[in-house]
1. May I ask you to list the residues in the range 254-269 that are more than 28 Å from Arg131 (Cβ to Cβ) and surrounded by fewer than 22 Cβ atoms within 10 Å (Cβ to Cβ)?
2. Yes or no: Val257 outside any helix (DSSP H, G or I), at pLDDT 95 or above, touching a strand residue (DSSP E or B) at 6+ places or on another chain (Cβ under 7 Å) and in the same structural domain as Glu29 (by TED's automatic domain parsing)?
3. Test each condition in (1) modelled with pLDDT of 95 or more; (2) crowded, with 23+ Cβ neighbours inside 10 Å for Ser122 and report the one that comes out false.
4. Taking into account only those residues within the range 97-119 that are crowded, with 21+ Cβ neighbours inside 10 Å and polar (S, T, N, Q), which is farthest from Ala40 (Cα to Cα)?
5. With the condition being surrounded by 15 or more Cβ atoms within 10 Å (Cβ to Cβ) and of a type in the set (Val, Ile, Thr), I'd like the helices (runs of 4 or more DSSP H) fully within the range 132-247 carrying at least 3 qualifying residues.
6. What's the total number of residues in the range 288-314 that are surrounded by fewer than 18 Cβ atoms within 10 Å (Cβ to Cβ) and hydrophobic (A, V, I, L, M, F, W, C)?
7. I'd like to know if the range 158-172 contains one or more residues that are without any contact (Cβ under 8 Å) to a residue 40 or more places away in the chain, of a type in the set (Lys, Arg) and closer than 19 Å to Gly236 by Cβ.
8. Check whether at least one residue in the range 97-118 is at pLDDT 95 or above and closer than 14 Å to Asp146 by Cα, and report yes or no.
Amino acid sequence: MLVIDMDPQSETQHPRPAHHGHIPVMVQEVVKLLAPHPGATVVDCTVGAGGHSFAILPHLLPSGRLMAVDRDAEALTFARTRLADFSPQTIFVQDNFSRLPEILRHHGLSTVQGLVADLGLSSLQVDEAQRGFSFMKDGPLDMRMDHRDETTAAQLVQRLSERELTTLLATFGEERWAGRIARRMVTMRSRHAIETTTQLARLIVEAVRSRRGSRRLHPATRTFLALRIAVNEELGSLEALLRVLPEVLAPGGRAVVMSFHSLEDRLVKRAFREGAQAGQFRLLTKTPLRPSADEVAQNPRARSAKLRAVERLS
């Protein structure tokens, strides 16, 4: 069953926590499994608002360093402020973690002792209507993590054929009513462009109105997830990162990856298992770690997180 980290309840019925709504998920578990130590080099592949990095950096002092990578320029700006006290130890890079070997080489590195990747959508992105990630906020249908990318969600909705839209929604969103929603998109766009998040959300609700049953998720959840994955080529980027993991981790180095839906978790699980079978990794988590009930109560967006970790063998 697909578990999706976009429950509208978390956006409408819970108070905003500090740091613009950003609370790092399972931060204690991340630090424990990553085991950062003085002198080590760690890369945070998705620094976001800097929550995990903020917890990791004190363990690297005085001679270690952290490379903070993110596709999102706005997130990097926020992280620079939050991590200002550690500026001598921190390198900030706007790039896709799929290019990690090139990023490391550019900074004179070949391997690192630690790697963390939180694959969840940042609260900084969800809470900003202009980014177009949330069906609960009226904004342009954008969904780009990196504004330098050309394709927006609106462009996909406008130009893909009904068959292509159906495949996209079924594959990336595992949407049961993919064909019905795609058909409604094509019908509606023939009358006027679908340009905003609320336009699309209303369209989806109308398309599946009589078929929702007792569905817990908002009917637009899976469609928005699918479009976001497609716009940002998220699964391809994750596959690229997992392929190079044995190359970029030094012997004894550790990688901690947190996923938020089953498509991501399946990729991580398979890569870690195959690496262990090939003698490249030692599994540090036989089964994925999940957030505690207390953490979910404090941060509802953590509820679907799954954390897996490995150690590079020599």
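The values are calculated or read from the model by the stated rules, or taken from the named source; none is laboratory data. Just so you know, these numbers come straight off a predicted model, no measurement behind them. Cβ placement follows ideal geometry from the backbone for every residue including glycine, while neighbour counts extend to all protein chains displayed.
1. Lys269
2. Yes; evaluated as a whole, the condition is true for this residue.
3. Going through (1) modelled with pLDDT of 95 or more; (2) crowded, with 23+ Cβ neighbours inside 10 Å one by one, Ser122 breaks only (1).
4. Per the criteria, the residue is Ser98.
5. Numbers: elements: 153-159, 162-172, 178-189, 197-208, 221-232.
Output list reads 162-172, 197-208, 221-232.
6. So the answer is 4.
7. The answer is no, given that none of the residues of the range 158-172 is without any contact (Cβ under 8 Å) to a residue 40 or more places away in the chain, of a type in the set (Lys, Arg) and closer than 19 Å to Gly236 by Cβ.
8. yes
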